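Below is one structure, written out as structure tokens; the observations come after it.
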Amino acid sequence: MTETPFSVIGRRLPRLDAVDQTTGRIRYADDLTLPGMLVGRQLASTHAHALITSIDTSRAEALEGVRAVLTGADLPITYGILPISQDENVFAVDRVRYVGEPVAGVAAVDRETAERALDLIDVQYEPLDEVVTLDQAFDDDRPLIHGEGFGKNVHRSAALEFGDVEEGFASADHIREDIFSFGGTTHAALETHAALASYGTDGRLTLRSSTQIPHYLHRALEKVLEMPPERIRVIATPVGGGFGGKTDPFSHEIAAAKLSMVTGQPVKITLTREEVFYTHRGRHPVLMWLKTGFRSDGRITALHFTTFLDGGAYGSYGIATLYYTGALQTSTYRIPNYRFEGVRVFTNKPPCGAKRGNGTPQPRFALECHLDKAAHDLGIDPVAIRLRNVVKPFSMTVNHLRITSCALTECIERVIEASGFSGKYGQLPEGRGVGFAIGAYMSGAGLPIYWNDMPQSEVEVTVDDSGHVTVRSMATDIGQGSTSMLGGIVAECLGLEPDDLTMVTADTDLTPIDLGSYSSRVTFMAGNAALEAGVRVRSRVVAAVADELGVNPGDLVARGGRIELADEPGSGTTWSEAVRCTVAATGRPLIESGSYRPPELAGPYRGSGVGISPAYSYSACVVEIDCDRDTGMVKVEQVWLAHDVGKALNPMLVEGQIEGGVYMGLSEALFEEHAFRGGLHRGPSLLDYKMPTTLEMPPVECIIVESDDPEGPFGAKEVGQGPLLPVIPAVANAIHDALGVRIDETPFTPDKIVAGLVDLSRGGTGRVGPKAVPDFKFPPLTRVEPPEGFDAR
């Protein structure tokens with residue numbers, strides 16, 4: 001076993017909240033109560049698209065036990081997560097744009113009274129034509145969802161070219177085109193959304209909410225409620241699953257706050273499961289067309305990738321998602337010439353937003369299946385075609401992404417060896433098959449949502465006179481173990497154990513800034529801030545002890561609860577004595593902070609802020625399946641996934657994230673479908689929205705690959721989102737290996753597999769998927785020169 005210089009980093013440790021989690025002591029937002037608390041409920045639209053001609057709340061207001069009723073007129077200021085998409089109201093004003101959109105809110109003494117009050121609100125609608133498909137969104141004769149009149153419901157479009165794509169195609173020996181469709185999915189977190197607001201007699205508002213973004217929620221409250229920021233406190237309660245579904249500011253959060261302000265009493269709003277389905281903000285349905293040029297040996301000469309996104313009724317993260325569907329194709333492959341065109345449209349369905357891997361699982365599915373098809377065309381092994389094109393460590397991509405550490409080749413080699421892929425591919429009995437794919441993801445977005453020069457994350461470490469350490473960070477633990485990660489980093493710096501520390505997190509009054517749990521940013525960004533704070537505390541303590549002992553500070557180490565000479569274990573002094581020595585010597589409290597701001601990474605073009613990151617993680621996946629050709633039922637036998645995490649700060653938590661990513665990938669591949677009949681959800685419950693149970697979940701072999709990123713905390717990179725990405729195309733490729741059918745749209749349901757087999761038996765290709773894309777005129781291309789030093793060889 002390799003000797004490690006670390007005492008905490010690299011150890012398999014349980015999460016700091018493991019006992020509370022497993023014994024049910026964790027208190028989620030809906031578990032909280034306050035004296036005099038009222039129950040809030042929201043009235044949902046029953047129309048997908050309609051004008052609101054009148055709202056009469058008089059009968060609801062007169063009902064005994066009702067304390068307040070609000071409508072859109074009471075909260076007219078718009079909000080949204082992106083500064084360029086401030087298009088939502090707490091309650092619809094003048095028009096509803098999807099079934100389930102909140103129209104009014106009530107606060108009452110109990111839930112039953114609140115529900116009766118909703119029934120007494122009389123809303124009169126004038127229905128408008130619905131826009132629920134891509135084709136309808138591009139129709140000039142449909143009413144605009146945002147704005148007046150008729151026309152195309154285009155939210156945003158983009159057209160970028162890097163290098164010379166036509167020249168790249170001209171030099172190709174083989175060109176392939178394909179069309180794919182990725183269906184929409186939702187987050188399906190076990191905990192539904194909940195918020196508890198309390199407005200005090202001192203004019204201060206406290207909102208406790210199941211949110212991933214206390215900082216951005218704080219901004220939305222400040223704007224919509226027109227309150228000074230210093231009079232607002234947001235506490236992110238423990239989150240029972242987020243996956244991006246709690247990274248928007250939501251209507252119920254602001255409504256609870258306003259209702260508390262109006263009544264002078266605490267108000268809690270907890271969404272039902274059906275309401276969560278309509279609140280949504282999940283995976284965008286994306287239709288994709290791509291064309292790639294290859295040399296005869298499989299090397300890519302050019303790629304043209306086009307995406308069409310169904311965004312639902314509002315902006316949310318949509319503009320960023322649009323660019324994400326084109327940004328990261330180059331993060332895995334050396335593509336010398338690249339063109340991306342994309343368009344996002346509004347439809348009368350619940351808004352889409354950020355879901356694990358925001359905007360990247362869809363194009364990764366298309367690209368990885370496309371490469372398997374091209375490998376078949378060229379007579380090349382599907383692993384070989386990828387190895388011939390993988391990006392190099394410490395390089396630049398054609399679209400100006402900076403690659404630092406990259407162990408993608410090692411990930412590929414290790415997962416192929418562990419799974420025995422080479423001996424199984426194309427050689428298993430009919431109905432059994434293996435599929436392979438790779439992926440990459442960001443270790444945090446390179447720019448904040450609101451561009452500024454401030455740090456993206458800060459951590460404060462306070463040590464009292466007894467030596468007890470308190471770590472403060474606004475980073476929100478959504479189940480991924482980020483609080484344990486921060487505690488592990490500080491404990492490593494100070495020579496303590498993580499459970500020696502007190503962690504204070506996700507409270508805008510008590511903790512320094514962190515922008516939230518999204519884009520897999522917390523380990524890299526908050527982790528680096530924690531490392532800096534921990535090192536500063538250690539440096540002060542070591543300097544004081546060195547002076548007391550008359551030794552060189554460089555000869556001392558912090559380990560095992562002591563500050564001691566590196567080559568004399570047990571020498572020196574205890575941690576608590578060292579702290580008292582430090583405070584006495586300096587005459588000031590032992591408090592230090594650290595911060596992190598990414599380097600400047602954006603390229604020289606509009607949209608370059610999306611996709612940039614201080615580091616990228618890499619994954620390679622093999623899936624083995626058994627498919628019944630009579631029923632189309634797929635059983636996943638085993639999954640192997642290798643992930644370049646930079647440095648595994650806690651291998652147990654890394655494996656948990658890999659397994660979670662595999663679970664979600666298999667679920668989206670084979671089960672999940674956020675489907676609608678017109679504007680009405682087909683099954684807004686966990687009875688109808690299918691996901692794997694423990695019975696369907698296969699064994700997963702997690703292969704941790706460490707590339708030691710030079711900028712990550714102790715070399716670490718992300719693991720929260722990247723492992724999901726290659727799983728879906730690996731399943732699709734395995735189905736083809738097993739039965740010879742190509743399912744080019746998700747999910748890969750039994751009926752589609754049987755349809756592919758029927759087509760194959762009749763002399764067809766066995767392909768099931770979209771056949772055409774909309775005839776949309778993209779804006780003129782913005783042509784961007786590759787970065788200086790770019791080398792696609």
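Of the residues Glu458, Glu410, which is touching a residue at least 12 places away in the same chain (Cβ under 8 Å), part of a strand (DSSP E or B) and charged (D, E, K, R)?
Of the residues listed, the single one that is touching a residue at least 12 places away in the same chain (Cβ under 8 Å), part of a strand (DSSP E or B) and charged (D, E, K, R) is Glu458.
Given (1) surrounded by fewer than 24 Cβ atoms within 10 Å (Cβ to Cβ); (2) within 27 Å of Arg339 (Cβ to Cβ); (3) touching a residue at least 40 places away in the same chain (Cβ under 8 Å), identify the lone condition not met by Arg432.
Among (1) surrounded by fewer than 24 Cβ atoms within 10 Å (Cβ to Cβ); (2) within 27 Å of Arg339 (Cβ to Cβ); (3) touching a residue at least 40 places away in the same chain (Cβ under 8 Å), the lone unmet condition for Arg432 is (2).
Collect the residues in segment 639-653 that are at negative phi, open to solvent by less than 10 Å² (accessible area, probe 1.4 Å) and either at pLDDT below 95 or not in a strand (DSSP E or B) (or both), keeping them in residue-number order.
Passing the criteria: Val645, Ala648.
Provide a single number: the residues in segment 479-503 that are touching a Lys or Arg at 6+ places or on another chain (Cβ under 7 Å) and within 21 Å of Pro238 (Cβ to Cβ).
Number of matching residues: 2.
Report yes if some residue within segment 727-734 is outside any helix (DSSP H, G or I), under 30 Å from His643 (Cα atoms) and touching a strand residue (DSSP E or B) at 6+ places or on another chain (Cβ under 6 Å); otherwise report no.
no
Among Ile412, Ile513, which is the only one that is open to solvent by less than 30 Å² (accessible area, probe 1.4 Å) and β-branched (Val, Ile, Thr)?
Ile412
A quick yes/no check of all residues on (1) in the same structural domain as Tyr324 (by TED's automatic domain parsing); (2) assigned to a strand (DSSP E or B); (3) among the hydroxyl-bearing types (Ser, Thr, Tyr); (4) without any contact (Cβ under 8 Å) to a residue 40 or more places away in the chain:
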| position | (1), (2), (3), (4) |
| --- | --- |
| Ser260 | no, no, yes, no |
| Gln265 | no, no, no, no |
| Ile269 | no, yes, no, no |
| Glu275 | no, no, no, no |
| Leu290 | yes, yes, no, no |
| Ser296 | yes, no, yes, no |
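Between a residue in segment 590-601 that is of a type in the set (Gly, Ala, Ser) and any residue that is outside any strand (DSSP E or B), which pairs come within a Cβ distance under 6 Å, given they are 6 or more apart or on different chains?
Ser593/Ala533; Gly594/Ala529; Gly594/Glu532; Gly594/Ala533; Ser595/Pro455; Ser595/Ala529
For the subset of segment 415-427 comprising residues that are outside any helix (DSSP H, G or I) and touching a residue at least 60 places away in the same chain (Cβ under 8 Å), which member is surrounded by the fewest Cβ atoms within 10 Å (Cβ to Cβ)?
If we take residues in segment 415-427 being outside any helix (DSSP H, G or I) and touching a residue at least 60 places away in the same chain (Cβ under 8 Å), then Gly426 is surrounded by the fewest Cβ atoms within 10 Å (Cβ to Cβ).
Considering every residue within segment 314-330, establish whether at least one is outside any helix (DSSP H, G or I), closer than 20 Å to Leu408 by Cα and modelled with pLDDT of 95 or more.
Taking every residue of segment 314-330 in turn, at least one turns out to be outside any helix (DSSP H, G or I), closer than 20 Å to Leu408 by Cα and modelled with pLDDT of 95 or more.
Kindly provide the set of residues from segment 67-98 that are open to solvent by 30 Å² or more (accessible area, probe 1.4 Å) and either under 15 Å from Ala257 (Cβ atoms) or acidic (Asp, Glu) (or both), ordered by number.
Arg67, Asp74, Ile77, Asp87, Asn89, Asp94
Out of (1) in a loop (DSSP other than H, G, I, E, B); (2) open to solvent by 20 Å² or more (accessible area, probe 1.4 Å), the odd one out for Val504 is which?
Failing condition for Val504: (1).
Let me confirm something: among Ala755, Ala792, Ala772, which residue is open to solvent by 10 Å² or more (accessible area, probe 1.4 Å), free of Cβ contacts under 8 Å to residues at least 60 places away in the same chain and either in a loop (DSSP other than H, G, I, E, B) or in contact with a strand residue (DSSP E or B) (Cβ under 7 Å, 6 or more places away or on another chain) (or both)?
Unique residue meeting the criteria: Ala755.
Mind listing just one residue for me: the one in segment 34-66 that is more than 13 Å from Ala255 (Cβ to Cβ), touching a Gly at 6+ places or on another chain (Cβ under 9 Å) and assigned to a strand (DSSP E or B) and, of those, least open to solvent (accessible area, probe 1.4 Å)?
Ile52
I'd like the residue in segment 520-552 that is of a type outside the set (A, V, I, L, M), open to solvent by 10 Å² or more (accessible area, probe 1.4 Å) and part of a loop (DSSP other than H, G, I, E, B) and, out of all such residues, is farthest from Asp708 (Cα to Cα).
Gly550
All but one of (1) in a loop (DSSP other than H, G, I, E, B); (2) in contact with a Phe, Trp or Tyr (Cβ under 6 Å, 6 or more places away or on another chain); (3) of a type in the set (Gly, Ala, Ser) hold for Ala440; which doesn't?
The failed condition is (1).
For every residue, the table says whether it meets (1) within 30 Å of Gly481 (Cβ to Cβ); (2) assigned by TED's automatic domain parsing to the domain that holds Glu532; (3) open to solvent by 10 Å² or more (accessible area, probe 1.4 Å).
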| position | (1), (2), (3) |
| --- | --- |
| Glu718 | yes, no, no |
| Ile728 | yes, no, no |
| Ala732 | no, no, no |
| Leu739 | no, no, yes |
| Arg742 | no, no, yes |
| Thr749 | no, no, yes |
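Hey, could you check segment 164-201 for residues that are over 25 Å from Thr270 (Cβ atoms) and hydroxyl-bearing (Ser, Thr, Tyr) and say which is least open to solvent (accessible area, probe 1.4 Å)?
Ser181
So in segment 202-223, with the set limited to residues that are free of Cβ contacts under 8 Å to residues at least 60 places away in the same chain and under 18 Å from Leu259 (Cβ atoms), which one is surrounded by the most Cβ atoms within 10 Å (Cβ to Cβ)?
Result: Leu217.
Can you pull out the residues in segment 1-33 that are in a loop (DSSP other than H, G, I, E, B) and closer than 26 Å to Ala195 by Cβ?
Passing the criteria: Arg15, Leu16, Asp17, Thr23, Gly24, Arg25, Ile26, Arg27, Tyr28, Leu32, Thr33.
Within segment 373-409, how many residues are more than 21 Å from Tyr616 (Cβ to Cβ) and open to solvent by 10 Å² or more (accessible area, probe 1.4 Å)?
Summing the residues that are more than 21 Å from Tyr616 (Cβ to Cβ) and open to solvent by 10 Å² or more (accessible area, probe 1.4 Å) in segment 373-409 gives 8.
Cβ-Cβ under 7 Å, sequence separation 6+ or interchain: first residue in segment 69-81 and of a type in the set (Phe, Trp, Tyr), partner open to solvent by 20 Å² or more (accessible area, probe 1.4 Å). Which pairs?
Tyr79/Gln86; Tyr79/Lys223
If you go through segment 99-147, how many residues are open to solvent by less than 10 Å² (accessible area, probe 1.4 Å) and in contact with a helix residue (DSSP H, G or I) (Cβ under 7 Å, 6 or more places away or on another chain)?
Adding up the residues that qualify gives 6.
Could you look through segment 579-628, keep only residues that are among the β-branched types (Val, Ile, Thr) and within 28 Å of Ser539 (Cα to Cα), and pick out the one that is surrounded by the most Cβ atoms within 10 Å (Cβ to Cβ)?
That would be Val579.
So which residues in segment 549-564 are farther than 17 Å from Ser539 by Cβ and in contact with a strand residue (DSSP E or B) (Cβ under 9 Å, 6 or more places away or on another chain)?
Gly561
The values are calculated or read from the model by the stated rules, or taken from the named source; none is laboratory data. As the structure is a computational prediction, the values presented were derived from the model and not from experiment. Cβ: placed from backbone, ideal geometry, glycine included. Neighbour counts: every protein chain shown. Keep in mind that these areas ignore ligands, DNA and RNA; they rest on the heavy atoms of the full protein, side chains included. Shrake-Rupley method; radii C 1.70, N 1.55, O 1.52, S 1.80 Å.
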